[in-house]
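These notes concern the structure reproduced below.
What follows draws every value from the coordinates through simple rules; no lab data is involved. Remember, predicted model here, so these are calculated numbers, not experimental data. Note that each Cβ is placed from the backbone with ideal geometry, even for glycine, and that neighbours are counted across all protein chains shown.
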Amino acid sequence: MRNDLDEVFASQTSWACCADSLATTFDRRRFLKVTAGGIAAAALVPSLALGAAGQYEAMVLSCIDPRLQEPVRNYLAGRTLTGKYSQFVIAGAAVGVVAPAFKDWHKTFWDNLGASIQLHAIEKVIVINHRDCGAAKIAYGEAAVKGTEAETKTHGEALAEFRKQLKERHPKLGAETGIMTLDGKFQPLG
């Protein structure tokens, strides 16, 4: 028995070649059976209903700086982490999470990390601060980031404070921390 949809497809000469396969694809009874089956499966196994749930390797904390988006993505892809991490992007990365100048942001990050732990069962946080960071200048002043040595020291201290707070809040989580150059070279710190 053909339904109205079948007749529409069959009557169109441009669709004539594939009307039968389209009619099968759009069969309402089949659609309802498949949908009901999916709903029943989700009710029996609630984790299937949460598309984001699962086991992922890490949460990546990085900076909002547009110059770093591609280098960070490339670095993570080079480590074969594509599709295996959640991400939190905030001005300054660890600086934005620990510097007193950005105190209003701190709770948001820690709450988000808690959600990532719960939803994604992450094992570690990968923190990628970067050189020539405007947020570090805002938080600690120009002198704190003037020159490679001062910049490395300032970011090293922010990353150490981040690791300390992470250990206090989530002692089972690992941490990888470092600083990235604008051309994507990552230097572990801590």
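Of all beta bridges that DSSP places with both ends in segment 58-188, some 15 percent have antiparallel geometry. Going from the fewest other Cβ atoms within 10 Å to the most, the residues L189, L119, L68 appear in the order L119, L189, L68. Straight-distance candidates among the lysines for linking to K164, with alpha-carbon spacing under 23 Å and chain neighbours fewer than 8 residues away dropped: K103, K107, K124, K137, K153, K172.
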